[in-house]
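In what follows, a single structure is set out as structure tokens and then discussed.
What follows is calculated from the coordinates using simple rules that are stated; it is not laboratory data. Remember, it's a predicted structure, so these values are computed and weren't measured experimentally. Note: ideal-geometry Cβ built from the backbone for every residue, glycine included; neighbour counts use all protein chains shown.
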Amino acid sequence: MKIYCQELSTVELTRKSIDVLQLNLGMVCNQACIHCHYSAGPKRTEVMSAETCKKVLAYLESNNIPTIELTGGAPELNPNFKDIIRRVRAIDRKVVVRSNLTVLFEDGMEGLPQFHADNSVDLVCSLPCYLEQNVDAQRGEGVYRKSIAAIKVLNELGYGVEGSGLNLYLVYNPGGAFLPGDQASLENDYRRNLKETHGIVFNHLYTITNMPIGRFAKQLNALGKYDEYINLLKDSINLDLLNCAMCLSLISVGWDGLIYDCDFNQALNLPIGGRQRKLWDFSLDEIIETPVILGGHCYGCIAGRGSSCTGALN
Ligand code: SF4
Ligand code: SF4
């Protein structure tokens with residue numbers, strides 16, 4: 001099925017397959033980071049209900065999507081979090097949890113790292129710098145120290161340790177209105193600094209571009225830098241990267257079961273095909289054949305070295 005890009009009207013894309021289903025378990029988060037494209041935080045109340053979880057799981061049982069990514073907010077705060085992981089693992093699908101790390105120290109989270117290890121969950125964890133002041137400026141005071149403490153706990157269980165089979169990925173995003181640097185060089189810097197300073201290890205670093213939406217857009221507007229940032233993105237695009245944009249192999253399901261082409265379209269309330277429909281209203285073939293909704297925010301995925309849930313695109 002051909003997908004036509006509206007903003008970049010000369011570009012034509014083909015959706016390939018659905019390899020990843022990203023499930024947003026709710027907007028509640030123990031943090032309120034200044035770059036959050038969902039504007040998630042402790043005051044949000046939206047949470048995926050047990051009934052919706054049940055319907056999503058039934059869909060997964062009858063449709064072979066190989067990887068399920070749990071996200072939010074902080075997905076761990078959904079009361080059905082562990083049950084979802086158990087059931088997804090029981091049907092032999094890979095589970096990835098996108099975690100902010102600090103949530104591991106919230107009440108009720110005791111034993112969660114061991115649970116992850118027991119279920120071979122891959123962890124993709126935010127750590128936007130190896131320096132304390134930069135992390136705390138973006139994510140809140142004290143976040144760096146807690147994040148490092150959480151990584152130490154995970155390392156002790158084998159996460160990030162070569163040969164353990166337990167994968168720990170860290171995520172960098174810029175601390176302002178600029179694009180990420182080279183992913184491989186930054187990964188080397190992280191590896192050296194975190195090992196020397198804290199004795200901690202990880203598998204790989206993903207660099208992600210800040211999307212000009214949600215709380216980051218508000219911050220850009222407050223600083224009078226919104227237009228400047230949009231121009232930076234536009235001036236840096238590489239159209240070839242659209243051929244590997246994550247929306248070509250991923251779908252995003254909201255806390256209420258509504259389905260989107262990606263996390264960013266969900267944040268912008270742009271449902272798949274322009275119609276509000278739930279996951280279980282679609283067959284996988286229909287999803288593959290439904291054109292992706294593209295907009296100005298898509299420049300964020302193809303600017304510079306590109307950006308996706310698994311980091312740079314080239
Ligand atoms: S960026 Fe992540 S950790 Fe920060 S508020 Fe948003 S969901 Fe929470
Ligand atoms: S924001 Fe990125 S992933 Fe989402 S539709 Fe646009 S190009 Fe695709």
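Plainly put, segment 146-208 has a radius of gyration that is 0.99 times its Kirkwood radius, both from alpha-carbon atoms, as the Rg/Rh ratio.
With the highest mean first, a sort of the peptides 186-196, 122-132 on other beta-carbon atoms found within 10 angstrom per residue produces 122-132, 186-196.
Computed over the alpha carbons of segment 267-314, Rg followed by Dmax gives 13.3, 37 Å.
Taking a Cβ cut-off of under 12 Å around S147, the surrounding Lys, Arg, Asp and Glu residues balance to a net charge of +2, with basic ones at +1 and acidic ones at -1. Quick note on segment 229-291: its Rg to Rh ratio, both from C-alpha atoms and Rh being the Kirkwood radius, is 1.05.
Note on K94: aspartates and glutamates with a C-alpha under 15 Å away, same-chain residues under 8 apart excluded, are D19, E61, E69, D83, D118, D122.
What translational D, rounded to a whole number of µm²/s, comes out for segment 103-176 from Stokes-Einstein when the hydrodynamic radius is the Kirkwood one over Cα pairs, at 25 °C and 0.890 mPa s? Reported coefficient: 189 µm²/s. Where in segment 87-131 does the amide nitrogen come within less than 14 Å of the point 7 Å from the Cα of S17, taken along Cα to Cβ? In segment 87-131, the label zone of S17 (backbone N under 14 Å from the point 7 Å along Cα→Cβ) covers 94.
Simple spin-label estimate for E46 and A222 gives 2.1 nm between the two label positions (7 Å along the Cα-to-Cβ direction from each Cα). Other residues whose C-beta falls under 13 angstrom from the C-beta of S185 contribute a net charge of 0, scoring Lys and Arg +1 and Asp and Glu -1. Computed over Cα pairs, the Kirkwood radius of segment 190-298 leads via Stokes-Einstein (1.002 mPa s, 20 °C) to a diffusion coefficient of 129 µm² per second. Counting only lysines at least 8 places from K146 when in the same chain, those with an alpha carbon closer than 25 Å to its own are K43, K82, K195. Rounded to the nearest 0.05, the FRET efficiency derived from the C-beta distance between D235 and R89 at R0 = 41 Å is 0.40. If both residues of a DSSP beta bridge must be in segment 140-284, then about 50% of such bridges are antiparallel. When the alpha carbon coordinates of the chain are projected onto the principal axes, the ranges are 49, 45, 39 Å, largest first.
On a C-alpha basis, how far is the centre of segment 72-107 from the centre of segment 187-210 in Å? Whole number, if you could? Answer, in whole Å: 23.
If N is the number of residues in segment 1-140, what value comes out of its Cα radius of gyration divided by 2.2 N^0.38 Å? Taking the Cα Rg and dividing by 2.2 N^0.38 Å, one obtains 1.19.
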